[in-house]
Amino acid sequence: MKILFAIVLFSCTISAIAQTDSTNLKDPDVTYKWRISIPYFVPEGLIVDKWNDHTSVQHLELHVKRNLDNKNIIGLKFAHFRLFQSMGITWWDGLLDKIESGTEYYPGHVRTFGVGLTYQRMIWKGLFATAEVLPQFQTYLDLDGDKIKNGFKLYNSIHLGYHLSFFKKKRFFIEPQINCMLWTRDNNAPAGFRQLNDKWRNYFLLEPQIYLGVNF
């Protein structure tokens, strides 16, 4: 039932944001043509967290987007992170408890890097929906940090949030949002990693997030 809900939610959002208005596509009144943004936990991870801790995800993420008009925004997403347990462990599975106890830790880490495409549709005032597709190239590492093998995963996400601009020229902005993610399983995962992944889902629902950005 939860998988069906994720698929329906994904389909409905894609359908909604794909219904663009041809009149808006011709609207030249765009204050800024470009924007860049990062999740708030990127600087937090660099400043507050210990980079080499076993549970550090070493997350780096950058979005570069082009404002086609005042409603349609396309862009590239650059992302790198390191996993120490399955992404499919959700809040109602006791995610934080499992991080603390270490019962679901991989026998090493998965380091992943990807460059993907994003489409953002402004729905009403600051309300927006976004769809992202991110191919991920993965490297499986043992506990000593040595490479075991490579893998691949296709990571998709949908986002519903609100765009808030600040200061006189509205150059800086934040985007609080709720994300839902769905990904393919990596059939090339080593046995110890695959066994843990198979216990859990290939989706994660209702992740709160805040992005920080600047227009130019």
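Some points to look at:
- Being assigned to a strand (DSSP E or B), touching a residue at least 12 places away in the same chain (Cβ under 8 Å), aliphatic (A, V, I, L, M) and more than 18 Å from L62 (Cβ to Cβ) is a property that holds for V110.
- If you go through the range 40-67 and keep only what is farther than 29 Å from F128 by Cβ, modelled with pLDDT of 90 or more and of a type in the set (S, T, N, Q), you end up with T55, S56.
- Residue list for the range 17-39, filter: over 24 Å from V214 (Cβ atoms) and either at pLDDT 70 or above or surrounded by 12 or more Cβ atoms within 10 Å (Cβ to Cβ) (or both): T20
- The lone criterion from (1) in contact (Cβ under 8 Å) with a residue 40 or more places away in the chain; (2) in a loop (DSSP other than H, G, I, E, B); (3) over 15 Å from the mean Cα position of the chain (by Cα) left unmet by W51 is number (1).
- When L164 is tested against (1) surrounded by fewer than 19 Cβ atoms within 10 Å (Cβ to Cβ); (2) more than 30 Å from V30 (Cα to Cα); (3) not charged (D, E, K, R), exactly one condition is not met: (2).
- Failed criterion for E100 (all others in (1) without any contact (Cβ under 8 Å) to a residue 40 or more places away in the chain; (2) in contact with a Ser or Thr (Cβ under 8 Å, 6 or more places away or on another chain); (3) not in a strand (DSSP E or B) hold): (2)
The values are calculated or read from the model by the stated rules, or taken from the named source; none is laboratory data. Keep in mind the model is a prediction, meaning the values are calculated, not measured. We place every Cβ from the backbone using ideal geometry, glycine too, and count neighbours over all the protein chains shown.
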